[in-house]
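Here's the structure we're looking at; comments come further down.
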Amino acid sequence: MQLPPKVTHRAFERLAEIGAGAKGQALRVAVEGGGCSGFQYEIKLDAPEADDLILEGQGEQVVVDAISLPFLTGATIDFTEELIGARFVIDNPNASSSCGCGTSFSM
(Lines give C-alpha, C1' and ligand atoms only; values in the text may rest on other atoms or scores of the structure.)
Protein backbone atom coordinates (compact mmCIF):
# COMPACT_ATOMS: atom_id res chain seq x y z
CA MET A 1 0.00 0.00 0.00
CA GLN A 2 1.38 3.39 -0.97
CA LEU A 3 0.98 6.10 1.64
CA PRO A 4 0.62 9.56 0.12
CA PRO A 5 3.08 12.24 1.15
CA LYS A 6 2.22 14.34 4.20
CA VAL A 7 2.34 18.13 4.18
CA THR A 8 3.17 19.95 7.40
CA HIS A 9 1.24 22.85 8.86
CA ARG A 10 4.30 25.07 8.22
CA ALA A 11 4.28 24.26 4.51
CA PHE A 12 0.59 25.10 4.12
CA GLU A 13 1.10 28.21 6.25
CA ARG A 14 3.90 29.43 3.95
CA LEU A 15 1.77 28.84 0.86
CA ALA A 16 -0.96 30.96 2.47
CA GLU A 17 1.59 33.70 3.29
CA ILE A 18 2.67 33.96 -0.34
CA GLY A 19 -0.95 33.82 -1.54
CA ALA A 20 -0.54 30.77 -3.77
CA GLY A 21 -4.17 29.63 -3.54
CA ALA A 22 -5.50 33.13 -4.16
CA LYS A 23 -3.55 33.14 -7.44
CA GLY A 24 -4.92 29.71 -8.47
CA GLN A 25 -1.53 28.12 -7.81
CA ALA A 26 -0.47 25.04 -5.86
CA LEU A 27 2.93 23.83 -4.74
CA ARG A 28 3.96 21.15 -7.24
CA VAL A 29 6.39 18.52 -5.98
CA ALA A 30 7.78 16.30 -8.72
CA VAL A 31 10.63 13.80 -9.06
CA GLU A 32 12.81 13.82 -12.16
CA GLY A 33 15.83 11.85 -13.28
CA GLY A 34 19.14 13.64 -12.91
CA GLY A 35 20.90 15.56 -10.20
CA CYS A 36 24.12 14.48 -8.55
CA SER A 37 22.49 11.45 -6.83
CA GLY A 38 20.26 10.05 -9.62
CA PHE A 39 16.89 11.72 -8.94
CA GLN A 40 16.04 15.30 -8.13
CA TYR A 41 13.05 17.16 -6.77
CA GLU A 42 11.36 19.89 -8.73
CA ILE A 43 9.41 22.19 -6.45
CA LYS A 44 7.49 25.07 -8.00
CA LEU A 45 4.19 26.91 -8.00
CA ASP A 46 1.93 25.56 -10.72
CA ALA A 47 -1.72 25.02 -11.61
CA PRO A 48 -3.17 21.63 -10.58
CA GLU A 49 -3.81 19.17 -13.41
CA ALA A 50 -6.51 16.51 -13.77
CA ASP A 51 -4.34 13.50 -12.88
CA ASP A 52 -2.57 15.10 -9.88
CA LEU A 53 -2.91 13.90 -6.31
CA ILE A 54 -4.10 17.02 -4.47
CA LEU A 55 -3.26 17.47 -0.78
CA GLU A 56 -5.21 20.30 0.83
CA GLY A 57 -4.87 22.31 4.01
CA GLN A 58 -5.58 25.85 5.17
CA GLY A 59 -7.16 26.68 1.80
CA GLU A 60 -3.92 25.78 0.01
CA GLN A 61 -2.91 22.86 -2.19
CA VAL A 62 0.16 20.71 -2.78
CA VAL A 63 0.05 18.57 -5.92
CA VAL A 64 2.01 15.48 -6.98
CA ASP A 65 1.79 13.96 -10.46
CA ALA A 66 1.09 10.24 -10.92
CA ILE A 67 4.63 9.45 -12.13
CA SER A 68 6.28 11.10 -9.10
CA LEU A 69 3.90 9.65 -6.51
CA PRO A 70 5.63 6.25 -6.03
CA PHE A 71 8.93 8.04 -5.30
CA LEU A 72 7.24 10.15 -2.60
CA THR A 73 5.39 7.38 -0.74
CA GLY A 74 5.39 8.25 2.96
CA ALA A 75 7.46 11.43 2.44
CA THR A 76 6.91 14.64 4.40
CA ILE A 77 6.82 18.01 2.65
CA ASP A 78 7.81 20.83 5.00
CA PHE A 79 8.96 24.44 4.99
CA THR A 80 12.06 25.48 6.89
CA GLU A 81 13.69 28.78 7.72
CA GLU A 82 17.38 28.69 8.58
CA LEU A 83 20.25 31.16 8.58
CA ILE A 84 21.16 30.11 5.04
CA GLY A 85 17.62 30.73 3.76
CA ALA A 86 14.05 29.55 3.69
CA ARG A 87 12.80 26.73 1.46
CA PHE A 88 10.43 23.83 1.05
CA VAL A 89 12.11 20.54 1.99
CA ILE A 90 11.22 16.89 1.57
CA ASP A 91 11.97 14.19 4.13
CA ASN A 92 11.79 11.06 1.99
CA PRO A 93 12.09 7.65 3.71
CA ASN A 94 12.58 6.02 0.29
CA ALA A 95 15.85 7.85 -0.40
CA SER A 96 18.90 5.74 0.39
CA SER A 97 21.20 8.76 0.11
CA SER A 98 20.99 12.42 -0.79
CA CYS A 99 23.39 15.17 -1.73
CA GLY A 100 24.30 18.20 0.36
CA CYS A 101 21.93 20.50 -1.53
CA GLY A 102 18.90 18.45 -0.43
CA THR A 103 17.32 18.45 -3.88
CA SER A 104 18.95 15.29 -5.23
CA PHE A 105 18.64 11.72 -3.93
CA SER A 106 19.08 8.06 -4.84
CA MET A 107 16.96 5.01 -4.11
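A compact table of results
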| read-out | value |
| --- | --- |
| Failed condition for residue 19, given (1) under 17 Å from residue 88 (Cβ atoms); (2) touching a residue at least 12 places away in the same chain (Cβ under 8 Å); (3) open to solvent by less than 50 Å² (accessible area, probe 1.4 Å) | (2) |
| Any hit, the stretch 13-20, residues being in contact with an Asp or Glu (Cβ under 8 Å, 6 or more places away or on another chain) and closer than 17 Å to residue 69 by Cα | no |
| Residues that are surrounded by fewer than 18 Cβ atoms within 10 Å (Cβ to Cβ) and either part of a loop (DSSP other than H, G, I, E, B) or in contact (Cβ under 8 Å) with a residue 40 or more places away in the chain (or both), drawn from the stretch 22-31 | 24 |
| Residue within the stretch 2-13 that is over 20 Å from residue 91 (Cβ atoms) and open to solvent by 20 Å² or more (accessible area, probe 1.4 Å) present | no |
| Elements of type strands (runs of 3 or more DSSP E) in the stretch 32-107, at least 3 residues being modelled with pLDDT of 85 or more and within 10 Å of the chain's Cα centre (by Cα) | 39-46, 60-64, 76-82, 85-91 |
| Any hit, the stretch 6-17, residues being in a loop (DSSP other than H, G, I, E, B) and either touching a Leu at 6+ places or on another chain (Cβ under 8 Å) or not hydroxyl-bearing (Ser, Thr, Tyr) (or both) | no |
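The values are calculated or read from the model by the stated rules, or taken from the named source; none is laboratory data. In this text, all values refer to a predicted model and were calculated from it rather than measured experimentally. Please note: Cβ atoms are built from the backbone with ideal geometry, for glycine as well, and neighbour counts cover all protein chains shown. Note: accessible area is taken over every heavy atom of the protein model, side chains too, but ligands, DNA and RNA are not part of it. Shrake-Rupley method; radii C 1.70, N 1.55, O 1.52, S 1.80 Å.
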